[in-house]
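This report concerns only the one structure given below.
Rule-based calculations on the coordinates, nothing more; no lab input. Given the structure is predicted, the values throughout are model-derived calculations rather than measurements. Reconstructed Cβ throughout: ideal geometry from the backbone, glycine too, with neighbour counts over all protein chains shown.
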Amino acid sequence: MGKYVVSPATHRTDCGRYRASFSVHRSQGNGSYCRVFRFDRCFASREGARLFAVTQGWLQTSMSQPPAC
């Protein structure tokens, strides 16, 4: 997404539901930036968790002042 690489991920919980997360990575010159966001919210499907992670990643990288996660 622009100058950032956003990688969404899903994780199955012990109760069979799914949690969402994403990482944001940016390399520029000699420096790099990497941050991982994990969410407490659970989803009934892997696709629901993935869609949530993609949306949150897009918000994080496209807004000048992203919402606090």
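Worth a mention:
- Of all the listed residues (Ser21, Ser27, Ser32), the sole one being loosely packed, with under 11 Cβ neighbours inside 10 Å and in a strand (DSSP E or B) is Ser32.
- Of the residues contained in region 46-59, none is found to be assigned to a loop (DSSP other than H, G, I, E, B) and either surrounded by 14 or more Cβ atoms within 10 Å (Cβ to Cβ) or free of Cβ contacts under 8 Å to residues at least 40 places away in the same chain (or both).
- For region 9-18, filtering for residues that are buried (at least 17 other Cβ atoms within 10 Å of the Cβ) and either over 12 Å from the mean Cα position of the chain (by Cα) or not in a strand (DSSP E or B) (or both) leaves 1.
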